[in-house]
1. Taking the conditions exactly as written (over 19 Å from I33 (Cβ atoms), within 16 Å of ligand 4 (Cβ to nearest atom) and open to solvent by 20 Å² or more (accessible area, probe 1.4 Å)), does K167 satisfy them or not?
2. Determine whether N143 is modelled with pLDDT of 95 or more, surrounded by fewer than 20 Cβ atoms within 10 Å (Cβ to Cβ) and within 16 Å of ligand 3 (Cβ to nearest atom).
3. Kindly provide the set of residues from the stretch 211-270 that are farther than 28 Å from I131 by Cα and of a type in the set (S, T, N, Q), ordered by number.
4. Among the residues of the stretch 38-48, write down those that are touching a residue at least 12 places away in the same chain (Cβ under 8 Å) and either within 16 Å of ligand 1 (Cβ to nearest atom) or of a type outside the set (A, V, I, L, M, F, W, C) (or both).
5. Residues in the stretch 1-37 that are away from ligand 1 (no atom under 16 Å from the Cβ) and farther than 20 Å from G184 by Cβ: how many?
6. Got a number for residues in the stretch 10-31 being more than 14 Å from ligand 3 (Cβ to nearest atom), open to solvent by less than 10 Å² (accessible area, probe 1.4 Å) and in contact with a His (Cβ under 9 Å, 6 or more places away or on another chain)?
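The values are calculated or read from the model by the stated rules, or taken from the named source; none is laboratory data. Treat the numbers as computed from the prediction; the structure is a model and nothing was measured. Ideal geometry is used to build each Cβ from the backbone, glycine not excepted, and the neighbour counts take in all protein chains shown. With ligands, DNA and RNA removed, areas are computed over all heavy atoms of the protein, side chains included. Shrake-Rupley method; radii C 1.70, N 1.55, O 1.52, S 1.80 Å.
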Amino acid sequence: MKIDLHLHTNFSDGKLSPEKILKLAWENHYEYISITDHDSILGYLEAKKYLAKYPLELISGVEISTNYQSSDVHILAYYFDENNDEFIEMLRKIYDSRYGRAKQIVSNLNQMGIDLKWEDVLKYAGQHKYIGRPHIARALIENGFCKTIKSVFDRYLNNDSPIYVPKYRIDTAYAVDLIQKAGGISVVAHPGRLEDDSLLYEFIDMGVEGIEVYYASHSTGQIKFYEQIALENNLIRTGGSDFHGSDFYYLNYTAPDVCIKELKARHASKRGLNGTV
Ligand code: AMP
Ligand code: MN
Ligand code: MN
Ligand code: MN
């Protein structure tokens, strides 16, 4: 089975449209995918329109920007109720706040003497004017202020830079709670990027139900370590590529079958059904 439970579209900071993602996944024989844009399910909803054409199984997903003790923690949610008002409203608030924050970053750049125009940044924004640092980075490169993404972040956009403006984020515990109330399954994204693995136990106490053990860039050692934590704490294991690009460079990437088995079993058990796929 080919599985990828972590993909971004141009409704957040990915380059491809939801239709294009579905088409590529279908052509490359993926059976289960999830579109997990940052703080928005609009790309996922758009992708659903093309399922008749590309009939693979699309699992509802989103990657939420949360805050735990001032660190940036990404929580994935799967199988939530798409019509849960409180959940959707929470996402909308995070998504919409990016616009003003990006404007502030550009204004800070201008004050430093970098003459980047807001209109030039907007050209690179995603659908519904979703703007993140990667869009500002592209605009800086296209307008000749920097050569590579790495140099843009090293010089201007890193978290410690004087021009950096933090995102509006909600508390991790609040996100986990809202996911739960919307009937969804919460999963700690790319745990290898956490400042400290012991944070996982804090998240487990909050009611997190899974760990993204099989993140494409985790090492074999990290995978073993997170597998163990998942097994010891009755957490499901998920996996994905975190694809943001324009081609399926990771074409051979697939999360192991156990991801879909455990995700579906958890989903079924929440609905009081038996947990077989
Ligand atoms: P934002 O959500 O607007 O703060 O942007 C975060 C995104 O910027 C991340 O998801 C990465 O795609 C990108 N990013 C952050 N730091 C770096 C870095 N040092 N080099 C390249 N991309 C980065
Ligand atoms: Mn991203
Ligand atoms: Mn992330
Ligand atoms: Mn991601």
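1. Here the answer is yes, as K167 does meet what is asked.
2. no
3. S219, T220, Q222, Q228, N233, N234, N252, T254, S269
4. Answer for the stretch 38-48, where residues must be touching a residue at least 12 places away in the same chain (Cβ under 8 Å) and either within 16 Å of ligand 1 (Cβ to nearest atom) or of a type outside the set (A, V, I, L, M, F, W, C) (or both): H38, D39, S40, G43, Y44, E46.
5. 16
6. 1
Yes/no matrix, rows are residues, columns are (1) at pLDDT 95 or above; (2) in the same structural domain as G210 (by TED's automatic domain parsing); (3) among the small types (G, A, S); (4) surrounded by 22 or more Cβ atoms within 10 Å (Cβ to Cβ):
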{"residue": "I33", "(1), (2), (3), (4)": "yes, yes, no, yes"}
{"residue": "Y54", "(1), (2), (3), (4)": "yes, yes, no, no"}
{"residue": "N67", "(1), (2), (3), (4)": "yes, yes, no, no"}
{"residue": "Y78", "(1), (2), (3), (4)": "yes, yes, no, yes"}
{"residue": "S107", "(1), (2), (3), (4)": "yes, no, yes, no"}
